[in-house]
1. So which residues in the stretch 119-159 are closer than 15 Å to ALA187 by Cα and charged (D, E, K, R)?
2. So for the stretch 213-220 (the condition being within 26 Å of ALA124 (Cβ to Cβ), in a helix (DSSP H, G or I) and not assigned by TED's automatic domain parsing to the domain that holds THR121), does at least one residue qualify?
3. Could you check ILE58 against (1) part of a helix (DSSP H, G or I); (2) of a type in the set (Val, Ile, Thr); (3) at pLDDT below 70 and say which number it fails?
4. Please identify the pairs in which a residue from the stretch 217-229 that is on the phi > 0 side of the Ramachandran plot has its Cβ atom under 7 Å from the Cβ atom of a residue that is among the aliphatic types (A, V, I, L, M), counting only partners at least 6 apart or on another chain.
Amino acid sequence: MPRRSRKDSVALESAGRLAAAISEHPREFVALIMSTIAVFAIVTNALFLQKGPHPAPIFATRPLLLPQETRLAPRLQSAQSAPATDAGNQARLQLVANIQRELTRKGFYDGPTDGIWGSKTDAAVRDFIQIAGLKTNAEASDTLLRAITGSNAKPFSTASTSNAASDPIARLIAPAPSKRVTAVQRALSDFGYGQIKPTGVLDQDTRAAVEKFERERRLPVDGQISDRLVRELAAMTGRPLE
């Protein structure tokens, strides 16, 4: 047999064996082909397609923020929000100070004009709202400031004091206003126990409101402002009365 035909027969025999092996194990053959392609792609990408240092990802990705850039973003946000917060606090302090100043001018407030909404400011605002007959909340607002500025309301204690000063007999017999009575009157009025004027004097309207409160709370009904009554009112309002 010639040498060329012998090589052809060997090649045909090898091809037949390969075909038989592929037919017997098709899955393994496909896996082998895929693995070979993947290895070739990785080697080609690493040697010719990547611009950065190795190892690098097969496909180009979006650049990530550097650690310094990542830390810089929250700092910029906090720096931008800080001036806005400071400006808001300053605006509220100025608003409360203006309210305190107008309440002082009207005779409702005798505390410092410090822009802090404390118990004195809250009590003065509630007295003004009740005397002026307003339907607004006791909260710092431009509406409240305009109402105080444009109102002619005067505290009740001012009127009683002026009458007593002009009349010596009235000064002798008139009871002295009490801060405790004023706080009780304000609390009873706020919670609907009567239209009571915060004069600081235990008058007939105040006694009637106290008795109504005592009956609802199942307390001894005597119409007096006792320590127990003050504690019950403070628990109901959620704030100390004195």
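1. LYS120, ASP122, ARG126, ASP127
2. yes
3. (1)
4. Once the first residue is on the phi > 0 side of the Ramachandran plot and sits in the stretch 217-229, its partners that are among the aliphatic types (A, V, I, L, M) give GLY223/VAL210.
The values are calculated or read from the model by the stated rules, or taken from the named source; none is laboratory data. Because the structure is predicted, anything quoted here is derived from the model rather than measured. Every residue, glycine as well, gets a Cβ built from its backbone with ideal geometry; the counts of neighbours run over all protein chains shown.
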